[in-house]
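A.B. asks: Mind having a look at this structure? Questions to follow.
The values are calculated or read from the model by the stated rules, or taken from the named source; none is laboratory data. From a predicted model like this one, the values you see are computed outputs, not experimental measurements. Positions of Cβ are generated from backbone atoms using ideal geometry, with glycine treated the same way; all protein chains shown enter the neighbour counts. Ligands, DNA and RNA are excluded from the accessible area calculation, which covers all protein heavy atoms including side chains. Shrake-Rupley method; radii C 1.70, N 1.55, O 1.52, S 1.80 Å.
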Amino acid sequence: MNAKNHAGGLPGELRRIDDAEKKKMEMSESEAEERVRIMMERISLNNSYLSALNSVSSILLESDTDEFEDSLYHSMGLLTRAVDADRMRVWKNHTVDGELYYEHLYAWTEKGTPQNGQNVKISASYGKTLPEWEEVLSRGDAINILLRDMSQAEQALLFRRGIISALVVPIFLHGEFWGFVSVDDCRKERNFSKDEETTLRSAGNIIASALIRNNTTRAMIEYHQNLQGMLDSLPVGIRIINRDDGKLVYANEALMDIFDCKDFERDVAGRSDFDFMPDTQPNGRKTVDMANDFFQTEKVPMHFQCFKLSGELFTARVTSCNIPFKGKQSSLAIIEDVTKERESIAILTNVLNEIDVMIYVTDPNTDEILFMNEYMKQHYNIEHDCVGQTCYKVLQRGLDRRCDFCPCLQIEKEPDKSVIWEERSTLTNRIYRNIDRFIDWPDGKKVHLQQSVDITELAAAKELAEKGSRAKSGFLAKMSHEIRTPMNAIIGLTEIALRENTLKAVHEHTLAVKHAGVTLLSLIDDILDFSKIEAGILEIASKSYSVPSLINDVISIIRMKFIRSQILFAVNVDGRIPNTLVGDETRIRQALLNILNNAFKYTEKGFVSFTVRGEYMNGDIISVIFEVADSGRGIKEKDICNMFGEFTQFDKEKNKKTEGVGLGLAITHSIIKAMDGHIGVSSKYGEGSTFTITLPQKYLEREPVAAVENSGAKNVLLYEQQKIYADSIVSSFENLGVNCTLVKSDSELREAMTNLPHDFLFISSFLYEKSKDIISKLGNKTKVVALTEFGEEIFDKDLNVLAMPVYSVSIANILNGVSGSFSYGNDDKLIVKFTAPDARVLIVDDVVTNLKVAQGLLAPYNVQVSLCKSGMTAIKAIQSKDYDLVFMDHKMPDMDGIEATRHIREMGAEDQYYKNVPVVALTANAVSGAVEMFLENGFDDFLSKPIDTIKLNAILEKWIPRNKQKIAAGGTS
């Protein structure tokens, strides 16, 4: 049984196994068929992809520029359908400020029309919109993604375009990330296959390459169209030949006219240049050889003889360059008929050859000589024709490059100007004065022309004259010293005598001597100044200066002229003039003092007025106008035209008692002219004169010389009965923008102070004494300013005082609360403002008289004075004792003041005292530039001889230590 069962069960088991195997075999066959089917589908798809790519490649390569966009959209449609998508887009990268942007170029949709005929322009930054896309695409990876798997930013960007699935692949050209191409599925979610990605990559590269090729082709077409259109419109002849065969392929209308040709195809096309030229040129050279040279020197013009279609000969100027034309390397030539031009040049050169001045003309770009006249060739012994050679080879003995001093370098930027210069020629060893400029040559070219004149003998004469001028200059300096030194003694000793001798007769005689000495010194100064002008050594040294300081100096010096006189001195200064100007302050002061001195000299009574105003010009220049008017003797009309002549005096009988030699106005005229200014005069004989100086001055800023804070809110009352003063002061207030009421009597003063409160009352000192009661009663809140005549003293110490003449600067200071009192006395003792018994002063001078004068002038200051007669003894004195101040004479034998001061400063390396001790130059040398020379050589200050006591006081006050100064009786500090 068991065996049966065993035997009976065996066939059944085998049957079961056969069924399983059969079923398994059936399943394997099904899978295989499926796999084959999938493979065949994939092969079919790949074939469709390849077919689409081949079609796209063929379409884009064969399309011309006019049909390119239609071909591109057709190609994009084939590709989109091949991958079963709804939309395809092409994007290109570009960079803005270092940031990468993507720009939309083209799009195709399933509807078959590109964006319904509207190509949407989109340009956006990767970093701001799709930063992850830039990272993925720039490394060469594709983006194959579903909308639901995208980031919120990506979904927001793509959802409104209806995109559900997308495939984006980068485009790389020549290793650069050029852009990307994308296909969109707007119906279903899907992941695009690897084959679709490969297809899209290839398509992207084909499209990008086609775009670049099309853009290049279009640019070339536009270039040729523009080139031909431009050439057709030019007034000069243009021809183009093919460089391979030398045949003419283009000629513009102007060229056709030059050669009398009517039809391009019949008369020109296919011919060569040589068909329009003789075999030999006028210079004897073969035309072929010249043409070969011509093509080697591209863009350099050359002249050829040509003939027209009729056989008529003419001269043509030809310039050539190589260009691409219709895909071939070509040569473009500019051709001009210069027959008449050459005739004009021949006429011009004939004229220049007749002139006995050396003349030559060069091309400023190449330095080649275009013309040299016969006179110059003879002078330089040039026998050959030098036209075409460079000027530096011909005239400078064979140099290989342009001279460093070539005038073309100086004038080529300003062709309408000329430059004048002198040189000694290495070729002739003679000196020439050259004038160079640019002119228009008959051919229309800007050329360089030089005229040369042999000035060898003239230069020798000039050197001799300059040597004489230098000798004269030295003589003037010596005369200045020799004359002013004894004058210093005369004036200084009389000053000492006036202080020490109390006998009335002696005092009067000594005072007369002093006045005579001062007058003589003034005459000597005029003669020395005039001599400087005659010698041509009048120097103008411009630097910045303070306008208020200049005006104050002039007024301070001039006001001395009208002490105890019947003359009123009024000053008007425009407060809007810049506070700081640039010019020669010293020379301006000298000119103004000359004019003002003349005004006082020729005015016995009445007034002298001094007005300063300005007119702004272009740029940073202001025209400063100085006006001096007087009520003096006036000038006859016939004499006005000779006012500024040398040694000129008018009305000699009437003016015979007037001091002077007639040089002041001549000197002033020369000074003003040297500063590019102008001086004029108007006068009515017997009634007065007005001198007007106009000077152009540079200003740095427009900060005014005088301004009143909150000017419109201040009310001023002026009580003045003298019209010249009243008009001047009212004008000053108006100029400053301050309300001013003028009263002329006590009753008007009382009424004005009763009806309206005033901040300030300006009142003449003699009227103040009469009106004290009115002022004290009605002016409790009014600040009173007394106006005094120069030399008049006010004993009311609580009163604000201004000495006449007052003007905008001093008025503004009072109104702004800057200054309190400006009272002056006429007693010499008031000049000595302090004593300094502990101060040590060293005086160095080789003339004993000068030492005594200086010592006497220092006596009122009670300083300890030491005297030295040489620079060497001064050095020893300074080494043995500490001095607070040193006065050092300039001209001394053996060791002068400059050398001695230099030795003192050099000792400062070991002891700072020698570096810091104040050294003041004490000198009779008043030649221009002396101050700067002393300051540059270690001096701290400058005091000229004869010594001015006011200037001496200022120097002592400045340099003697403050802790050693004690206020003198009657003085201020």
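A.B. asks: Suppose we filter region 728-755 for residues that are in a helix (DSSP H, G or I) and in contact (Cβ under 8 Å) with a residue 60 or more places away in the chain; how many remain?
C.D. replies: 6
A.B. asks: Further question on the same structure: Determine which single condition Ala210 fails, assuming it passes every other condition in (1) under 21 Å from Cys306 (Cβ atoms); (2) part of a helix (DSSP H, G or I); (3) hydrophobic (A, V, I, L, M, F, W, C); (4) within 55 Å of the chain's Cα centre (by Cα).
C.D. replies: (1)
A.B. asks: Report every pair of residues separated by at least 6 positions or lying on different chains whose Cβ atoms are under 8 Å apart, first residue within region 91-102 and polar (S, T, N, Q), second part of a strand (DSSP E or B) and surrounded by 11 or more Cβ atoms within 10 Å (Cβ to Cβ).
C.D. replies: Asn93/Leu100; Asn93/Tyr101; Asn93/Tyr102; Asn93/Glu103; Asn93/Phe177; Asn93/Trp178; Asn93/Gly179; Thr95/Tyr101
A.B. asks: Moving on to the next point. Looking at region 146-180, which of its residues are part of a strand (DSSP E or B) and either out of contact with any helix residue (DSSP H, G or I) (no Cβ under 8 Å at 6 or more places or on another chain) or modelled with pLDDT under 85 (or both)?
C.D. replies: Across region 146-180, the qualifying residues are Leu146, Leu173, Glu176.
A.B. asks: Is it the case, given these coordinates, that Glu110 is open to solvent by 50 Å² or more (accessible area, probe 1.4 Å) and either under 24 Å from Asp70 (Cβ atoms) or in contact with a helix residue (DSSP H, G or I) (Cβ under 9 Å, 6 or more places away or on another chain) (or both)?
C.D. replies: It is true that Glu110 is open to solvent by 50 Å² or more (accessible area, probe 1.4 Å) and either under 24 Å from Asp70 (Cβ atoms) or in contact with a helix residue (DSSP H, G or I) (Cβ under 9 Å, 6 or more places away or on another chain) (or both).
A.B. asks: Here is a follow-up. Find all pairs meeting these conditions: Cβ atoms under 7 angstrom apart; at least six residues apart or on different chains; first residue within region 907-923 and within 17 Å of Glu936 (Cβ to Cβ); second residue polar (S, T, N, Q) and modelled with pLDDT of 90 or more.
C.D. replies: Val919/Thr901
A.B. asks: Contact list please: Cβ distance under 7 Å, first residue in region 947-973 and surrounded by 18 or more Cβ atoms within 10 Å (Cβ to Cβ), second residue among the polar types (S, T, N, Q) and at pLDDT 75 or above, pairs at least six apart or on different chains.
C.D. replies: Correct list of pairs: Ala968/Thr835.
A.B. asks: For residues in region 842-881 being of a type in the set (D, E, K, R) and part of a helix (DSSP H, G or I), which is surrounded by the most Cβ atoms within 10 Å (Cβ to Cβ)?
C.D. replies: If we take residues in region 842-881 being of a type in the set (D, E, K, R) and part of a helix (DSSP H, G or I), then Lys852 is surrounded by the most Cβ atoms within 10 Å (Cβ to Cβ).
For (1) over 44 Å from the mean Cα position of the chain (by Cα); (2) touching a residue at least 60 places away in the same chain (Cβ under 8 Å); (3) loosely packed, with under 14 Cβ neighbours inside 10 Å, each residue gets a yes or a no:
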| position | (1), (2), (3) |
| --- | --- |
| Asn292 | yes, no, yes |
| Glu354 | yes, no, yes |
| Val361 | no, yes, no |
| Met376 | no, yes, no |
| Tyr380 | no, no, no |
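A.B. asks: So which of Met895, Met907 ends up being open to solvent by less than 70 Å² (accessible area, probe 1.4 Å), part of a helix (DSSP H, G or I), farther than 30 Å from Ser542 by Cβ and at pLDDT 85 or above?
C.D. replies: Only one candidate qualifies: Met907.
A.B. asks: Scanning region 145-199 for residues that are surrounded by 13 or more Cβ atoms within 10 Å (Cβ to Cβ) and of a type in the set (Asp, Glu), which turns out nearest to Ala107 (Cα to Cα)?
C.D. replies: Among residues in region 145-199 that are surrounded by 13 or more Cβ atoms within 10 Å (Cβ to Cβ) and of a type in the set (Asp, Glu), the one nearest to Ala107 (Cα to Cα) is Asp184.
A.B. asks: For region 303-317, does any single residue satisfy the condition of being among the hydrophobic types (A, V, I, L, M, F, W, C) and within 30 Å of Thr216 (Cα to Cα)?
C.D. replies: Within region 303-317, none of the residues are among the hydrophobic types (A, V, I, L, M, F, W, C) and within 30 Å of Thr216 (Cα to Cα).
A.B. asks: Test Asn365 against the stated conditions and say whether it is in a loop (DSSP other than H, G, I, E, B) and either surrounded by fewer than 17 Cβ atoms within 10 Å (Cβ to Cβ) or free of Cβ contacts under 8 Å to residues at least 12 places away in the same chain (or both).
C.D. replies: The answer is yes for Asn365.
A.B. asks: In addition: Which residue out of Arg218, Arg201, Arg266 is basic (Lys, Arg), outside any loop (DSSP other than H, G, I, E, B) and in contact with a helix residue (DSSP H, G or I) (Cβ under 8 Å, 6 or more places away or on another chain)?
C.D. replies: Going through Arg218, Arg201, Arg266 in turn, just one is basic (Lys, Arg), outside any loop (DSSP other than H, G, I, E, B) and in contact with a helix residue (DSSP H, G or I) (Cβ under 8 Å, 6 or more places away or on another chain): Arg218.
A.B. asks: When you scan region 260-277, how many residues do you find that are exposed (fewer than 14 other Cβ atoms within 10 Å of the Cβ) and within 18 Å of Thr339 (Cβ to Cβ)?
C.D. replies: Looking only at that region, the number is 1.
A.B. asks: Under 8 Å between Cβ atoms, which residue pairs at least 6 apart in sequence (or on different chains) link something in region 793-818 that is outside any strand (DSSP E or B) and buried (at least 22 other Cβ atoms within 10 Å of the Cβ) with a partner that is modelled with pLDDT under 85 and of a type in the set (Lys, Arg)?
C.D. replies: Once the first residue is outside any strand (DSSP E or B) and buried (at least 22 other Cβ atoms within 10 Å of the Cβ) and sits in region 793-818, its partners that are modelled with pLDDT under 85 and of a type in the set (Lys, Arg) give Pro805/Arg559.
A.B. asks: Going by the structure shown, is Leu211 crowded, with 17+ Cβ neighbours inside 10 Å and at pLDDT below 90?
C.D. replies: So Leu211 fits the description; yes.
A.B. asks: Pick from region 415-449 the residues that are outside any strand (DSSP E or B) and open to solvent by 90 Å² or more (accessible area, probe 1.4 Å): which of them is modelled with the highest pLDDT?
C.D. replies: In this case the residue turns out to be Asn429.
A.B. asks: In addition: Specify the residue that is nearest to the chain's Cα centre (by Cα); the eligible residues are those in region 238-259 that are farther than 12 Å from Asp337 by Cα and charged (D, E, K, R).
C.D. replies: Filtering first and then ranking leaves Arg239.
A.B. asks: Exactly one of (1) assigned to a loop (DSSP other than H, G, I, E, B); (2) out of contact with any Lys or Arg (no Cβ under 8 Å at 6 or more places or on another chain) is unmet by Asp260. Its number?
C.D. replies: Looking at each condition in turn, Asp260 falls short on (2).
A.B. asks: Restricting attention to region 711-745, which residues are open to solvent by 50 Å² or more (accessible area, probe 1.4 Å) and over 46 Å from the mean Cα position of the chain (by Cα)?
C.D. replies: Selection gives Gln721, Gln722, Lys723, Thr741, Leu742, Lys744.
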